[in-house]
Amino acid sequence: MLPRVILHSAVSLDGRIDGFPIDLFQYYELAASWKEDATLAGSDTFLKAASEAPPEDESAFLPPKKDPSDNRALLAIPDSRGRIRTWHYLRSLPYWRHFVALCSESTPQEYLHYLKERHIDFIIAGQDHVDLRAALEELNTRFGVKVVRVDAGGTLNGQLLRKGLVNEVSLLIYPCLVGGEKQSNIFRAPDLPAIADPLTGSVGIIALKLMHMERLKGDIIWLRYEVK
């Protein structure tokens, strides 16, 4: 069974996801309302933060302590190429209770051995790339994940949206215009083909239904949409 997937992002009025200050406390306070079982994050975010990670010590190889009463989310990261090597640092942060690397059949065996040595669970789904649908189903089957909040950039968001895996889109729209020639938006994917039939519209456009609209502190608008 597929879990419910919520895409939660903050954007400027002209659709940028970077280049402007974000109230992180407000952002994550609202995100907590879903009480997600898992956070799905893109690997690029953690690759950029790799310089902050200290070197590994013996604690990286110790089995994690499991607490049945721990209601924090687990963190899942698609990493078919085996690039994330800072799991020891992520384990030291207080945000998640457990970690899962989403891999594919093409993931190097050396990386899978690396994960096993550090007691990081992994899911193998897909051949050359991570099959996100299969990975989400496995998160539900193996870890009981029923709600997933996506905390990622446009590439992972785009893959999830185009594959029809997103149930809800939540946007915090900030009252600012960023501009720029290289736009970074919440939905990056190949262009759709030309409209084949003007009566039926273009295949692949994602229709949304407004569920909630609220004006927050600082003239930020919170919009929540159900994906039709």
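Some points to look at:
The rows are residues; the columns are (1) modelled with pLDDT of 85 or more; (2) outside the structural domain of I120 (by TED's automatic domain parsing).
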| residue | (1), (2) |
| --- | --- |
| S43 | yes, no |
| E56 | yes, yes |
| L62 | yes, yes |
| K66 | no, yes |
| R83 | yes, no |
| H88 | yes, no |
| S92 | yes, no |
| Y95 | yes, no |
| H98 | yes, no |
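- Of H113, H119, H129, H98, all but one fail to be touching an Asp or Glu at 6+ places or on another chain (Cβ under 9 Å) and either surrounded by 18 or more Cβ atoms within 10 Å (Cβ to Cβ) or of a type outside the set (D, E) (or both); the exception is H98.
- As for segment 63-70, it holds no residue that is assigned to a loop (DSSP other than H, G, I, E, B) and buried (at least 18 other Cβ atoms within 10 Å of the Cβ).
- Counting only residues that are closer than 14 Å to F46 by Cβ and either touching a Cys at 6+ places or on another chain (Cβ under 7 Å) or not small (G, A, S) (or both), segment 75-121 holds 21 of them.
- When S92 is tested against (1) farther than 18 Å from A38 by Cα; (2) among the small types (G, A, S); (3) surrounded by fewer than 18 Cβ atoms within 10 Å (Cβ to Cβ), only condition (1) is not met.
- Residues that are surrounded by fewer than 17 Cβ atoms within 10 Å (Cβ to Cβ) and over 28 Å from K65 (Cβ atoms) within segment 132-142 comprise R133, A134, listed in sequence order.
- Check on E36, surrounded by fewer than 14 Cβ atoms within 10 Å (Cβ to Cβ), part of a loop (DSSP other than H, G, I, E, B) and in contact with a strand residue (DSSP E or B) (Cβ under 7 Å, 6 or more places away or on another chain): no
- Of residues in segment 71-80 being in a loop (DSSP other than H, G, I, E, B) and under 17 Å from the mean Cα position of the chain (by Cα), the one farthest from D37 (Cα to Cα): S80
- Checked across segment 39-61, the condition of being under 23 Å from K217 (Cβ atoms) and either out of contact with any strand residue (DSSP E or B) (no Cβ under 8 Å at 6 or more places or on another chain) or in a loop (DSSP other than H, G, I, E, B) (or both) holds for no residue.
- Only a single criterion out of (1) among the β-branched types (V, I, T); (2) closer than 16 Å to M1 by Cβ; (3) surrounded by fewer than 21 Cβ atoms within 10 Å (Cβ to Cβ) is not satisfied by V145, namely (3).
The values are calculated or read from the model by the stated rules, or taken from the named source; none is laboratory data. As the structure is a computational prediction, the values presented were derived from the model and not from experiment. Glycine also receives a Cβ, built like all others from the backbone with ideal geometry; neighbour counts cover every protein chain displayed.
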